[in-house]
1. With every protein chain left in place and a probe of 1.4 Å, what is the accessible surface of Leu119, to the nearest 10 Å²?
2. Quick one: if you stick a label point 7 Å off each Cα along the C-beta vector at Asn111 and Gln70, how many nm between them?
3. Round to the nearest 10 and report in Å² the accessible area of Asp156, as given by a 1.4 Å probe over the protein chains' heavy atoms.
4. Taking the Cα atoms of the range 69-151, what is the range of coordinates along each of the three principal axes, in descending order and whole Å?
5. Would you mind getting me the FRET efficiency between Leu32 and Leu53? Use the beta-carbon distance for r and R0 = 22 Å, nearest 0.05.
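The values are calculated or read from the model by the stated rules, or taken from the named source; none is laboratory data. Computed from a predicted model, the values in this text were never measured in an experiment. When we count neighbours, we look across all protein chains shown, and the Cβ atoms used for this are built from the backbone with ideal geometry, even at glycine. To get the accessible areas, we keep the full protein, side chains included, count just its heavy atoms, and leave off ligands, DNA and RNA. Shrake-Rupley method; radii C 1.70, N 1.55, O 1.52, S 1.80 Å.
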Amino acid sequence: MEEKTERKRVMADTYMEEVWEQQAIKNWSKPLHNFGVRQNAFNQSADRRIRELESENLQLRAEVRTLLQQTEELSQITKRQKDRLRQEENRNREIFGRVAAQMDKMQAEINRLRLSTQLNSNAIDRLLLQGKTELEEEMSETAETVQEEQIEVTEDFEESVTPTEENPS
């Protein structure tokens, strides 16, 4: 592109001022000569501005190339980050799945323990009730036995204390 620009350049001085000054016979008038001088100045100014614009254009092209490279690098980084994010999401799903399965197992174990505790509590209550009933039965049997024994002792005592016909003391 730069080579084409260089080939298109034209001379800034289209009017040779020195030639007019050196000519003995002037082929054109002073106003035409002044116009040529001003035209040369304009051409030089325009040429300088064109060169500045071309230089700025080259700098901008370099910046655009740099920005395109950076954009490509950023899009690659973004792609890698998206891939990593997908991997992390999959890993998190897997971990949460395992945690959920463990929580389900734990909940089942807690429910089993609650049921076991309830059954054990009911069994203990039944045993205590049965034990209490058996204890009460034993106590009443013991009480009856003790009463019977007391009655026997009392009867024996009374027999021994009452005078018998044979032995009138």
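1. Surface open to solvent at Leu119 totals about 100 Å².
2. Computed distance between label sites Asn111 and Gln70 equals 6.0 nm.
3. 90 Å²
4. 118, 13, 8
5. Values: r = 31 Å, r/R0 = 1.39.
Efficiency computed from Cβ-Cβ geometry: 0.10.
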